[in-house]
Amino acid sequence: MGFQIRLVGRSPWLYYLLCFFFFFCFSFSFIVVNVEGDATENGSVFIHGKSFIEQIDDDFVCATLDWWPPHKCDYGRCTWALASLLNLDLNNKILLNAVKAFTPLKIRLGGTLQDKVIYGTEDYHHPCTPFVQNTSQMFDFTQGCLPLHRAKIIFGLNALAGKSFQSSFAVGPWNYTNAESFIRYTVEKNYIIHGWELGNELSGKGIGKSISADQYASDVVALQNIIQNVYRGVEPKPLVIAPGGFFDANWFKEFVTKAGKSVDVVTHHIYNLGPGVDEHLTEKILDPSYLDGVASTFNSLRNILRTSATSATAWVGEGGGAYNSGHHLVSDAFVYSFWYLDQLGMSAIYDTRTYCRQTLIGGNYGLLDTSTFMPNPDYYSALLWHRLMGRRVLATSFIGTKKIRAYAHCAKQSQGITVLLLNLGNQTTVQAKLAITFVKLPYDRKKLREEYHLTAQKEKSLPRSIQEMSIDGDEPPPQFIVNKNSIWSKDTSTNIQIPIIDLSLLASSEAELDKLRSALSSVGCFQAIGHGMSSSYLEKVREVAKQFFALPVEEKQKYTRPVGESEGYGSDRIVSEKQVLDWSYRLSLRVLPTEKRRLSLWPKTPSDFSDTLEEFTMKVKSMMDFLSRSMARSLNLEEGSFLDQFGEKSLMLARFNFYPCCSRPDSVLGVKPHTDRSGITVLLQDTEVEGLQILVDDTWVNVPTIPDALVVNLGDQMQIMSNGIFKSPMHRVVTNTEKLRMSVAMFNEPEPENEIGPVEGLIDETRPRLYTNIKNYGDINYKCYQEGKIALDMVRVVDKSDQK
Ligand SMILES: O=C(O)CCC(=O)C(=O)O
Ligand SMILES: [Fe+2]
């Protein structure tokens, strides 16, 4: 049998086909998540519909709340805000509705600090004080106390209570006094607790501390005894859950064997994507063999449970993918659903009954946004799974590209089958045939098919690309038409000349140094010659840029700038509705510091692209450093006065600009007027086609093309460091009807962590400080750009005399 599904590439496609129970399919539901794909492939989904292989819990989808307070920070970002068990606003309407949509959502309360919590019960006779950051203490925080008026559900208990520490081992029996009185308290209050979990990440080698499997098993027996005692006469009793740690086959085997019937659920944690700071998370998420790597963990735990005398089931007690709070713009973005849905599908195949996502809210991996509580993309993936995927898991395979992941369950609320297909291929459309064995289809299935398409929020794109419009000579759409405001209508002059400075003379000639100072303090721009790069060398750099832009669209799109990011290939980044768009394409790549390069975005064609860029970077950097020193000398400052502020790890961005012809050069710009945010910009212009104009004395001045010259533009951060003596010029690029133009701009700016500000020697009574000291001007600049503000104005010292 065969009905066809089209899986369009470039992002995940999820198809849910809802059909008849007992495997008589009669309706389909599709969830599709995608944008257009270019290549097409064929494949087949096979579902063994005769019997199910495993069964998950009805409330398989579970999410966690953690203890982390607002001052928990990873990689310099503090992402927990008020999302802790201790401070979360439980009356927040969005939160309540988000949870209610699941009816019920299993919530696991726990996390690292769980093993440092004291419960503020009546018999705890000390002040109930919160967690305080203290790096000399285990897990970097002091003990913290849970005031009991906040407790509604508690899941994770402190397993370290009463233990002594021998290096990384926690030894001795669990002191359960405080936990027991806390459990009693919840029973007195009639709080319904689904399960009590003992400890967090203390299994195997543990994270920070570990407990032997033998001791853990005894502690769990003690917990089971407490539960039997405290809940005497109450049915059903809460589950006893442990160890909530990373899987270690020997440890888990021993624990399960020794805990015997005392443990109801064996929990383990999944952080298979590695540290949140990893820049390659997206590549890992979209790599099928990487995703497959974790299957052995699920399989091994299943085998242990099957071969032990236990009726315990397996749960993922905490699955966050990338540890240390995840990664902003990855774990809270659409791409994470590829990892998350694949985890749900895969874990279910290996008899995992429940999967708790770290987190419901908090960190960068929340299903809800930590500050707004609004759903992140994975919330919808979780909800769709919860509503559509039933308990029974069906054996499913995909024959064809490895980029398709296929999972099928009996449907949840209707009779039939739900199929989940993910397309990890970001370029390929897959035509998939669906074959279900042992099923008869006595009905008109097409009529009853439902599709659900989840789509990543796209940067708003134009119906036609600039290139197409350029080739066809189209009238540019309104988004490109500049409003003829005051800055546009300033005169264009050919009288004013952009200074030419010979760098080879700067070291020896005072006159040339004076020329440099005067150029930078008037125009803020000059043409540099004598820089040591030959014209044939510069031609080679232009050539690789030209070859890249000449590639077919689909080839260039392999390097497309990811949504919300600044590196990669694309046209003007749209940050506001009102923005007038530039008539250009850009390939932006961070080239320094070298460890911050995203090589996956560096073109493979032409083959010498990377080497050429690497060499050009090094040459331009040494030219810029020489210029920084010369600029300092020209102002009678220590040579390092500016360069030291850039720091050892200054940032350098390379931007390859391509300007197609435009039918309306009178009202469309290649780049709208702006100042560069950099410290120094070095620009390699097209050899023939002009376009760059600098605003000098209220007049737009052409910067002519000189084949051997490199244009040096001063950026905002140098204007700040020079206390306004040097100017960061306003500039723009005009379009023309006949000729394509290209340029390569190299922007160098100080390390974002460095505090920069006006050099002391340039501040005195006659020239008071113009700018405050600041860090990360790049961020300030971007935020201002989004809000239509001028960043330099934001960092200016307010003149008190103006405030009257
Ligand atoms: O292409 C040019 O000439 C200048 C480009 C520019 O100003 C920029 O990329 O900031
Ligand atoms: Fe610029």
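For every residue, the table says whether it meets (1) in contact with a strand residue (DSSP E or B) (Cβ under 6 Å, 6 or more places away or on another chain); (2) within 13 Å of ligand 2 (Cβ to nearest atom); (3) of a type in the set (Val, Ile, Thr).
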site: GLN685; (1), (2), (3): yes, yes, no
site: GLU688; (1), (2), (3): no, no, no
site: VAL696; (1), (2), (3): no, no, yes
site: VAL703; (1), (2), (3): yes, yes, yes
site: VAL712; (1), (2), (3): yes, yes, yes
site: ARG732; (1), (2), (3): yes, yes, no
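Residue check: is GLY274 in contact with a Ser or Thr (Cβ under 9 Å, 6 or more places away or on another chain), on the phi > 0 side of the Ramachandran plot and in the same structural domain as VAL330 (by the TED database)? For GLY274, the condition - in contact with a Ser or Thr (Cβ under 9 Å, 6 or more places away or on another chain), on the phi > 0 side of the Ramachandran plot and in the same structural domain as VAL330 (by the TED database) - is not met.
Quick one: in region 671-683, of everything that is outside any loop (DSSP other than H, G, I, E, B), β-branched (Val, Ile, Thr) and under 24 Å from ILE756 (Cβ atoms), which residue is nearest to ligand 2 (Cβ to nearest atom)? Spell out the reasoning first.
Filtering region 671-683 down to residues outside any loop (DSSP other than H, G, I, E, B) leaves 671-674, 680-683.
Filter once more, keeping what is β-branched (Val, Ile, Thr): 671, 680-682.
When the remaining residues are screened for being under 24 Å from ILE756 (Cβ atoms), the result is 680-682.
Values: ILE680: 12, THR681: 6, VAL682: 11 Å.
Of everything passing the filter in region 671-683, THR681 is nearest to ligand 2 (Cβ to nearest atom).
Close Cβ contacts (under 8 Å, 6 or more residues apart or on different chains) running from residues in region 677-690 that are over 22 Å from LYS789 (Cα atoms) and of a type in the set (Asp, Glu) to residues that are more than 12 Å from ligand 2 (Cβ to nearest atom) and not in a strand (DSSP E or B) comprise ASP686/ARG542; ASP686/THR705; GLU688/THR705; GLU688/LYS739; GLU690/PRO704; GLU690/THR705.
For first residues located in region 486-497 and part of a loop (DSSP other than H, G, I, E, B), partners that are loosely packed, with under 14 Cβ neighbours inside 10 Å and lie 6+ apart or on another chain with Cβ distances below 7 Å form the pairs LYS490/ASP698. The set of residues from region 764-796 being under 15 Å from ASN754 (Cα atoms) and without any contact (Cβ under 8 Å) to a residue 40 or more places away in the chain comprises THR772, ASN773, LYS775, ASN776, ASP779, ILE780.
Here THR705 fulfils each of the conditions (1) within 16 Å of PRO673 (Cα to Cα); (2) within 13 Å of ligand 1 (Cβ to nearest atom); (3) more than 35 Å from the chain's Cα centre (by Cα); (4) in a loop (DSSP other than H, G, I, E, B) apart from (1). Cβ separations smaller than 7 Å between residues 6+ apart or across chains give the following pairs from region 656-676 residues that are in the same structural domain as LEU551 (by the TED database) to residues that are in a loop (DSSP other than H, G, I, E, B) and within 7 Å of ligand 1 (Cβ to nearest atom): TYR659/GLY691; GLY670/GLY691.
If the condition is being among the β-branched types (Val, Ile, Thr) and under 17 Å from ILE183 (Cα atoms), then region 90-122 contributes VAL117, ILE118, THR121. Going by the structure shown, is ASP264 more than 23 Å from ILE118 (Cβ to Cβ), buried (at least 21 other Cβ atoms within 10 Å of the Cβ) and over 32 Å from the mean Cα position of the chain (by Cα)? Here the answer is yes, as ASP264 does meet what is asked. Is region 378-389 home to any residue that is outside any helix (DSSP H, G or I), assigned by the TED database to the domain that holds PRO69 and surrounded by fewer than 22 Cβ atoms within 10 Å (Cβ to Cβ)? No: region 378-389 contains no residue that is outside any helix (DSSP H, G or I), assigned by the TED database to the domain that holds PRO69 and surrounded by fewer than 22 Cβ atoms within 10 Å (Cβ to Cβ).
Among the residues of region 572-579, are any among the hydroxyl-bearing types (Ser, Thr, Tyr) and at pLDDT 90 or above? There is no residue in region 572-579 that is among the hydroxyl-bearing types (Ser, Thr, Tyr) and at pLDDT 90 or above. Report, by residue number, each residue of region 601-643 that is on the phi < 0 side of the Ramachandran plot and surrounded by fewer than 16 Cβ atoms within 10 Å (Cβ to Cβ). Within region 601-643, LYS604, THR605, SER607, ASP608, ASP611, GLU614, GLU615, MET618, SER622, GLU638, GLU639, GLY640 meet the criteria.
Would a scan of region 191-207 turn up a residue that is farther than 19 Å from PHE155 by Cβ and more than 33 Å from the chain's Cα centre (by Cα)? Looking for residues that are farther than 19 Å from PHE155 by Cβ and more than 33 Å from the chain's Cα centre (by Cα), one finds none in region 191-207, hence no.
Do you know which residues across region 708-722 are within 13 Å of ligand 1 (Cβ to nearest atom) and in a loop (DSSP other than H, G, I, E, B)? ALA709, GLY715, listed by residue number. Let me confirm something: among ASP686, ASP666, ASP698, ASP716, which residue is touching a Gly at 6+ places or on another chain (Cβ under 9 Å) and of a type in the set (Asp, Glu)? Every option except ASP716 fails the conditions.
Look through region 644-662, keep the residues that are of a type outside the set (Phe, Trp, Tyr) and more than 16 Å from ligand 1 (Cβ to nearest atom), and return whichever of them is surrounded by the most Cβ atoms within 10 Å (Cβ to Cβ). Outline the logic, then answer.
Going through region 644-662, the residues of a type outside the set (Phe, Trp, Tyr) turn out to be 644-645, 647-655, 657, 660-662.
Okay, now just the ones that are also more than 16 Å from ligand 1 (Cβ to nearest atom), so 644-645, 647-650.
On the way: ASP644: 16, GLN645: 21, GLY647: 16, GLU648: 8, LYS649: 15, SER650: 23.
This residue is SER650.
Restricting attention to region 72-101, the residues that are surrounded by fewer than 18 Cβ atoms within 10 Å (Cβ to Cβ) and touching a His at 6+ places or on another chain (Cβ under 8 Å) add up to 2. Taking region 229-347 as the region of interest, the strands (runs of 3 or more DSSP E) fully inside it that hold 1 or more residues being within 30 Å of VAL563 (Cα to Cα) and modelled with pLDDT of 95 or more are 265-270, 313-319. With respect to (1) away from ligand 1 (no atom under 16 Å from the Cβ); (2) more than 30 Å from the chain's Cα centre (by Cα); (3) buried (at least 19 other Cβ atoms within 10 Å of the Cβ), the lone exception for ILE694 is condition (1).
Can you say whether SER743 is away from ligand 2 (no atom under 16 Å from the Cβ) and crowded, with 22+ Cβ neighbours inside 10 Å, as far as the supplied structure shows? Walk me through it before giving the result.
On the way: away from ligand 2 (no atom under 16 Å from the Cβ): no; crowded, with 22+ Cβ neighbours inside 10 Å: yes.
Considered against the rule, which asks whether it is away from ligand 2 (no atom under 16 Å from the Cβ) and crowded, with 22+ Cβ neighbours inside 10 Å, SER743 comes out as no.
Might you let me know whether region 614-627 holds any residue that is within 16 Å of ligand 1 (Cβ to nearest atom), under 18 Å from MET721 (Cα atoms), at pLDDT 95 or above and touching a strand residue (DSSP E or B) at 6+ places or on another chain (Cβ under 8 Å)? So far as region 614-627 goes, yes, one or more of its residues are within 16 Å of ligand 1 (Cβ to nearest atom), under 18 Å from MET721 (Cα atoms), at pLDDT 95 or above and touching a strand residue (DSSP E or B) at 6+ places or on another chain (Cβ under 8 Å). A single entry from LYS515, LYS546, LYS578 fulfils the requirement of being assigned to a loop (DSSP other than H, G, I, E, B) and surrounded by fewer than 20 Cβ atoms within 10 Å (Cβ to Cβ): LYS578.
The set of residues from region 412-431 being at pLDDT below 85, part of a loop (DSSP other than H, G, I, E, B) and over 13 Å from TRP385 (Cα atoms) comprises SER414, GLN415, GLY416, GLY425, ASN426, GLN427.
The values are calculated or read from the model by the stated rules, or taken from the named source; none is laboratory data. On a predicted model such as this, the values are computed, not experimentally measured, just so you know. Cβ coordinates were reconstructed from backbone atoms using ideal geometry, including for glycine residues, and neighbour counts include every protein chain displayed.
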